[in-house]
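Data first, discussion second: the structure below is written as structure tokens.
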Amino acid sequence: MVDRIYGEVEKLTKKFKTRNPYELADSLGIVIMRRDLAQLKGFYTVENKTRYIVINERLDDLFQHLVCSHELGHDCLHRHFAQYDSLRDYGLFDLNGKIEREANLFSADLMIPDEDIILLARWEHRTFEQIARMLHVPEAIVRFKAYSVSKRGYDVHTPELAESDFLKRG
């Protein structure tokens, strides 16, 4: 699963030469809309062969960027599910559903290049929170990225990154 998701991200970023989810969505022909969605953070849907990412306009810019990345993950990995019903995200970083975990991993791989997390994680006393602040991303995205690089065989020396159950927390 991790290798397939990482491969999808790499294929997109190399083809379109960007990690910006808005630019990628535009290049893929996905319509992005911002609406007041109350508690809903965003969703991905396909209607009449048109693909949409709808983002809650109440979210700050960082979380709108994250939601766009996450929903782009649904487009690349789960489009077939959206043909029958919208994929709605009330709470990002949901660990209970397989497709939500996969979209979170996609988002983490898109938002953080491998080199960045590997370099920052090698300093032994850095926490996920510190790395997240340095990268200007939510801490949960750093956790997903650390999981991704460790599953793909990278040796990250920070003790916190070595914990195997971090996905159960947060």
If packing is taken as the average count of other Cβ atoms within 10 Å, what order do 143-154, 47-58, 65-76 fall into, highest mean first? 65-76, 143-154, 47-58
Sum up the charges of everything whose Cβ sits under 14 Å from the Cβ of Arg152, counting Lys and Arg as +1 and Asp and Glu as -1, but leave Arg152 out. -4
Summed residue charge, Cβ within 9 Å of Val46's Cβ, Lys/Arg positive, Asp/Glu negative: +1
Where Phe128, Phe63, Phe43 fall by accessible area, highest first, once all protein chains stay in place (1.4 Å): Phe63, Phe43, Phe128
Sorting Leu12, Leu135, Leu62 by accessible area (1.4 Å probe), largest first, what list results? Leu62, Leu135, Leu12
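The values are calculated or read from the model by the stated rules, or taken from the named source; none is laboratory data. Just so it is clear, the model here is predicted, and its values are computed rather than measured. Neighbour counts run over all protein chains shown; Cβ positions are idealised from the backbone, glycine included. For accessibility, only protein heavy atoms count, side chains too; no ligands or nucleic acids. Shrake-Rupley method; radii C 1.70, N 1.55, O 1.52, S 1.80 Å.
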